[in-house]
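Following: one structure in structure tokens, then a few remarks.
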């Protein structure tokens, strides 16, 4: 039985923080979608990520202009909210959709670079 897209349980494909950082450095950057709340995003996010909270992700997906032929990485704080985002992306035809393994916590534990937004 397939799980509904919004359940934050189960397993999805993922990419490790260090591997994602390497991809971003070598020019093979995937599309990044951060599904945290705007206040979390402003406090620190990966450069190039777009912020679409998970609560509005399903309705906003068509307007994001993501390329289904390119990899997409969904990001949240703990790799919990990104699970349903990856599930929805896969259902929408994004075969190369992943979550950031361990979320921003894993990114921060490795002291990888973040940007902050005003507001």
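Numbers below:
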{"item": "Inter-part distance where the range 26-45 and the range 87-109 are each reduced to a Cα centre, Å", "result": "11 Å"}
{"item": "MRE, 222 nm, helices only [DSSP H, n ≥ 4, -39500 (n - 2.57), over the chain, to nearest 500]", "result": "-8500 deg cm²/dmol"}
{"item": "The chain: angle of helix 82-91 to the longest principal axis, Cα-based, in degrees nearest 10", "result": "50 degrees"}
{"item": "Contact order normalised by residue count of the chain, Cα under 8 Å, 6+ apart, percent", "result": "36 percent"}
{"item": "Fluctuation leader among 59, 40, 14 - the chain, Gaussian network, Cα springs under 10 angstrom", "result": "59"}
{"item": "The chain pair-distance distribution - Cα-Cα, 10 Å bins, rounded %", "result": "14, 51, 31, 4, 0"}
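No lab work stands behind these numbers, since they all come straight from the coordinates. Being a predicted model, the structure only gives us computed values, none of them experimental.
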